[in-house]
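Engineer: Shown below is the structure under consideration.
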Amino acid sequence: MSKTIHAPKQEWYPLDLSAIVYPTLQRKDFSSVYRLSVLLKEEVQPEVLQKAIEMTLPRFPTYKVAMRKGLFWRFLEPNYRPGPFVQPDVRNFCMPMSFKTKGRYLLRFYYHGCRISLEAHHSLGDGNGGMHLLNTLTAVYLRLLGHDIPNQYLVLDINQEPHPEELEDAYMRYSNSKFCPPRPMEKTYRLRGTKEPFFTFQVIHGNMATSEVLEVAALYKCTLTEYLNAVLLYALLQKQKDDKPFRELPVKIAMPVNLRRFFPSKTLRNFITMVYPSIDPRLGDYKFEEIIKQVHHYMHYYINDKFLRGDITTNAATQRNPFIRVVPLFIKDFVVKNFYKRVQDRNSSAGLTNMGVLKVPDEMLPHVERFDIYMGIPYSSRTNCAIISYNNILTINFASCIKETDVEKYFFQKLVQDGIKVTIESNRNH
Amino acid sequence: MSYCVECGVRLDRSLKVCPLCCTPVINPNEVAENCNSVISAPFAAHKGEVEPMSKRDVGMWLSIVLGSTALACGLLNLFVFQHNRWSIPVVGACILLWILFCPRMFFPKIPFSINLLGSGLSIIFYEYALTLLTKTDRWFFELCFPITLICLILFSILGILYHYISHSLLATALYLFIIVGIMCVFIEFNIHKFWGSPLKLSWSAIVFSVCAVISIALISIMSIKRLRIAVRKRLHF
């Protein structure tokens, strides 16, 4: 007889290693909120959606929480207040999320037409965890409408207790490297633009056939991720050339890597680390093929279990240090915020996240058009790019808070030049 | 569905302009369709509001801490250590800190001008309270008060310019250089007047000249749009 493992009822959860940073960076015009959306083939019924949320959320205890402040660390506490409640969608999504209002929830649910959207604070979990929640919610919603959806792929069984691995801080389990590799930090090219009025969130959304992109990537002898990284680097280099600066700076992309591919874990919390593929135009003019080669070799060099283990050990060492543990929270906040602002944020020119290919149970396929993912408002004036593929539809979303769209223009023009048919949607009002 | 002639991308039917290059969308075939059908936009139209964050709890905690400090020092001075009025600066500092930080925590929508006026007046009253510890108050009326008043006026003007005219980096730098130049001249002028020495500018004239040159350079950069954009791009800010 198989033994079902249940996670013990916890009164509180410490923030995982990544999550520690996000509440510290909170400002009135910046919040580490990301959005995941599913576009169905029928209009959304808000009452049914609300019921689905109430049935689904208890299965995700690390999402049904409130943020609390301790003397040395922040932590998450189970939240029994009513909510979160479904709301009609807004134009300026990924708004800052206060920890003390709206029932203290760090989640928002929206509906608009056929779209269901989930916004989550990054301290709860990464895109992988959020996508589990969204898929399970969508499955429960469809079941309430009378469709039979099995628990497969990212759809979890809401009648089952959460597995202990789903709640763990996986960073601590795998941060056991004997050596921490050095992290070169350097000033990179930073995109500048005219800031939109507060709070405006501009999105440009491109749809294309995944098969077309894969064909083009195969021609360049690289993977889809490497190809899209190279296109974004190419767009940023073009933009810097147009600016005609006195001296050019390296162009770097901050790309989160899902560590679950290398270190098995069922965790629904954060389990990512950042890599920074880059091109230095001071070394010369790079052709597109050279950019792809550079990115390809960078990925092979850095994205492996040994290097990534060393990287997360470096981060974990800070948290384990006994002297740092006893520093009061307000001092930690001050140091982390300044480090991020002066070092980390300047270490990349733009962000790119690729959620990869999303699979759903076959019974869900006829009801779902596509999925979208949006990285939240960037900390500084720049643009962020998020990519997801579902059922041969690749969607690329650019999110920014500046008026200019040069990077997006060069990006999509390059895709069109390579023979990819792109359809654009946007919430920009020109 | 229309295509952008500049970028080559297909555009969603709800778009009137290409979001990448701002080329207008003119598709005669779609004009007739649009008259008859309502195009549903992929994104919502209305804007959400960010919930205001309340710092009331922090304000109350600060009020209790400052209030109890002032009370404790006042009582100690009154009943225990009575040799001089040493608690005046401490009590005054507590009141000053409360006025500087707490009103915005209890009333977040308080206008900036009122906040600045309150802060300025509280600084002036604190300086006046310090005259109770000195033999004469001449230093307050002839030196401290005029300098504080001019600082208050100049910073109010800075605030108004920042909020209503421009808050770009170049503009803020311009306001600050002008203010620093004027303040230095005024400070030296007041110092000479207080000491009864001839009203002759020396170090402040140098500071004023430097600030004036920098301000003229900034004004010329800001007044030419192409130059302004070029400076921002080339200096990576």
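Engineer: Please work out the FRET efficiency for the pair B:Phe107 and A:Lys187, using the Cβ-Cβ distance as r and a Förster radius of 51 Å; give the result to the nearest 0.05. Could the numbers behind the result be given before it?
Structural biologist: On the way: r = 41 Å, r/R0 = 0.81.
That gives a FRET efficiency of 0.80.
Engineer: Give the relative contact order (percent, whole number) for the range A:13-174; include only Cα pairs under 8 Å separated by 6+ residues. Before the final figure, lay out each step's value.
Structural biologist: On the way: 252 pairs, mean separation 52.1, N = 162.
Averaging sequence separation for qualifying contacts and normalising by length gives 32 percent for the range A:13-174.
Engineer: For peptide A:273-279, what's the mean number of Cβ atoms from other chains within 10 Å of each residue's Cβ? Before the final figure, lay out each step's value.
Structural biologist: Details: counts 0, 0, 0, 0, 0, 0, 0.
Mean shielding count: 0.
Engineer: Taking 35 Å as R0, compute the FRET efficiency from the Cβ-Cβ separation of B:Arg56 and A:Ile324 and round it to 0.05. Write out the running numbers ahead of the final one.
Structural biologist: Numbers: r = 31 Å, r/R0 = 0.89.
That pair, B:Arg56 with A:Ile324, gives E of 0.65.
Engineer: In degrees, nearest 10, range 0 to 90: what is the angle between the Cα axis of helix B:112-130 and the longest Cα principal axis of chain B?
Structural biologist: Around 10 degrees separate the two axes.
Engineer: A further question on this structure: Within the range B:53-149, which trypsin sites (Lys or Arg not before Pro) sit in a loop by DSSP and count at most 13 neighbouring Cβ atoms inside 10 Å? Kindly include the intermediate steps, with their values, before the conclusion.
Structural biologist: Numbers: sites: B:Lys55, B:Arg56, B:Arg85, B:Arg104, B:Lys109, B:Lys135, B:Arg138; in loops: B:Lys55, B:Arg85, B:Lys109, B:Lys135.
Those satisfying the criteria are B:Arg85, B:Lys109, B:Lys135.
Engineer: In straight Cα distance, which lysines are under 28 Å from A:Lys266, not counting same-chain residues fewer than 8 positions off?
Structural biologist: Output for A:Lys266: A:Lys3, A:Lys9, A:Lys51, A:Lys64, A:Lys69, A:Lys178, A:Lys306, A:Lys359.
Engineer: If you keep only loop residues by DSSP, which chymotrypsin sites (Phe, Trp or Tyr not before Pro) in the range B:43-140 have at most 14 other Cβ atoms within 10 Å of their Cβ? Walk me through the numbers on the way to the answer.
Structural biologist: On the way: sites: B:Phe43, B:Trp61, B:Phe79, B:Phe81, B:Trp86, B:Trp98, B:Phe101, B:Phe106, B:Phe112, B:Phe125, B:Tyr126, B:Tyr128, B:Trp139, B:Phe140; in loops: B:Phe43, B:Phe81, B:Trp86.
Answer by residue number: B:Phe81, B:Trp86.
Engineer: Enumerate the lysines that B:Lys16 could reach by cross-link, defined here as Cα to Cα under 18 Å, with residues fewer than 8 away along the same chain left out.
Structural biologist: Answer for B:Lys16, where 18 Å is the Cα cut-off: A:Lys403, A:Lys409, listed by chain and number.
Engineer: Can you tell me which of A:Ala399, A:Ala120, A:Ala317 moves the most in a GNM of chain A? Springs connect C-alpha atoms under 10 Å apart.
Structural biologist: Most flexible of the set in this elastic network: A:Ala317.
Engineer: If R₀ is 22 angstrom, what is the calculated FRET efficiency for the pair B:Leu130 and B:Ser63, using the beta carbon separation as r and rounding to 0.05? Mind dumping the intermediate values first?
Structural biologist: Values: r = 23 Å, r/R0 = 1.06.
The computed FRET efficiency comes out at 0.40.
Engineer: Anyone know which of B:Ser215, B:Ser68, B:Ser14 comes out most mobile in the 10 Å Cα GNM of chain B?
Structural biologist: Ranking B:Ser215, B:Ser68, B:Ser14 by mean-square fluctuation puts B:Ser14 first.
Engineer: Continuing with this model, one more query. Under 5 Å between amide H atoms, partner at least 5 residues away or on a different chain: which partners does A:Leu358 have, H built in plane at 1.01 Å?
Structural biologist: Close amide H contacts, sequence-distant or interchain: A:Ser389, A:Tyr390, A:Asn391.
Engineer: Multiply the residue gap between A:Glu404 and A:Glu369 by 0.36 nm, knock off their C-alpha separation, and tell me the result in nm, one decimal place. Please list the in-between numbers first.
Structural biologist: Working: separation 35, 0.36 × 35 = 12.60 nm, distance 3.02 nm.
Contour length minus the Cα-Cα distance gives 9.6 nm.
Engineer: Now a separate question. Mind putting a number on the dipole of the protein assembly as shown about its Cα centre? Charges go on the C-beta only, +1 for Lys and Arg and -1 for Asp and Glu, and I need it in Debye to the nearest 20. Mind showing how you got there, number by number?
Structural biologist: Numbers: 76 positive and 54 negative charges, 395 e Å.
In debye, rounded to 20, the protein assembly as shown gives about 1900.
Engineer: Still on this structure, I have one more. Going by average Cβ neighbours within 10 Å, how do the peptides A:265-276, A:129-140 rank, with the highest at the top? Write out the running numbers ahead of the final one.
Structural biologist: Numbers: A:265-276: 21.9, A:129-140: 24.1.
Highest to lowest by the protection proxy: A:129-140, A:265-276.
Engineer: Using a 7 Å offset from the Cα along the Cα-to-Cβ direction at both B:Thr172 and B:Arg85, what is the distance between the two label points in nm, to one decimal?
Structural biologist: Between B:Thr172 and B:Arg85, the label points sit 4.1 nm apart.
Engineer: Put +1 on the Cβ of each Lys and Arg and -1 on the Cβ of each Asp and Glu in the protein assembly as shown; which of B:Ile150, B:Ser168, B:Ile191 then has its Cα farthest toward the positive end of the dipole?
Structural biologist: Looking along the dipole axis, the top candidate is B:Ile191.
Engineer: Count the net charge of all other residues whose Cβ sits under 15 Å from the Cβ of A:Val155, scoring Lys and Arg as +1 and Asp and Glu as -1.
Structural biologist: Numbers: positive: A:Arg59, A:Arg143, A:Lys266, A:Lys359; negative: A:Asp148, A:Asp157, A:Glu166, A:Asp362, A:Glu363.
Counting the neighbours of A:Val155, the net charge comes to -1.
Engineer: Same structure again: Please state the relative contact order of chain A as a whole percent: Cα pairs under 8 Å, 6+ residues apart?
Structural biologist: Working: 814 pairs, mean separation 105.3, N = 430.
Relative contact order comes out at 24 percent.
Engineer: ³J(HN,Hα) across the range A:140-151 via Karplus (A = 6.51, B = -1.76, C = 1.60, θ = phi - 60°), whole Hz, x for Gly/Pro?
Structural biologist: Along the range A:140-151, the couplings run 5, 4, 5, 5, 5, 8, x, 9, 9, 10, x, 8 Hz.
Engineer: From the helices alone, meaning DSSP H stretches of at least four residues, give me the mean residue ellipticity at 222 nm for chain A, per-run term -39500 (n - 2.57), in deg cm²/dmol to the nearest 500.
Structural biologist: Only helices count here, giving -9000 deg cm²/dmol.
Engineer: May I pose another question? Please compute, for peptide A:246-256, the average count of beta-carbon atoms on other protein chains lying within 10 Å of each residue's beta-carbon. Can you show the working numbers first?
Structural biologist: Values: counts 4, 2, 1, 1, 0, 0, 0, 0, 0, 0, 0.
The shielding value for this peptide is 1.
Engineer: Same structure again: Taking the Cα of B:Leu100, stepping 7 Å toward and past its beta carbon, and measuring to each backbone N in the range B:125-153: which are under 17 Å?
Structural biologist: From the range B:125-153, the list is B:125-130, B:148-149, B:151-153.
Engineer: To the nearest 20 Debye, how big is the dipole of chain B about its Cα centre, given +1 on the beta carbon of each Lys and Arg and -1 on that of each Asp and Glu? Working shown, then result.
Structural biologist: Numbers: 19 positive and 11 negative charges, 93 e Å.
With Lys and Arg at +1 and Asp and Glu at -1, about 440 debye.
Engineer: Find the Cα radius of gyration of chain A, compare it with 2.2 N^0.38 Å by division, and give the number to two decimals. List each step's numbers first, then the result.
Structural biologist: Working: Rg = 21.2 Å, N = 430, 2.2 N^0.38 = 22.0 Å.
Taking N as the residue count of chain A, the ratio is 0.96.
Engineer: Picking from B:Leu152, B:Leu97, B:Leu11, which is most flexible by a Gaussian network model of chain B using Cα springs under 10 Å?
Structural biologist: B:Leu11
Engineer: Oh, and also: Which loop trypsin sites (Lys or Arg not before Pro) in the range A:149-220, with loop taken from DSSP, have no more than 10 other Cβ atoms within 10 angstrom of their Cβ? Present the calculation step by step, with values, prior to reporting the outcome.
Structural biologist: Working: sites: A:Arg173, A:Lys178, A:Lys187, A:Arg190, A:Arg192, A:Lys195; in loops: A:Lys178, A:Lys187, A:Arg190, A:Arg192.
The qualifying sites are A:Lys178.
Taken together, the values in this text are just the output of simple stated rules run on the coordinates, not laboratory data. Only a predicted model underlies this, so the values are computations on that prediction, with no experimental measurement involved. Cβ atoms come from the backbone with ideal geometry, glycine included; neighbour counts cover every protein chain shown.
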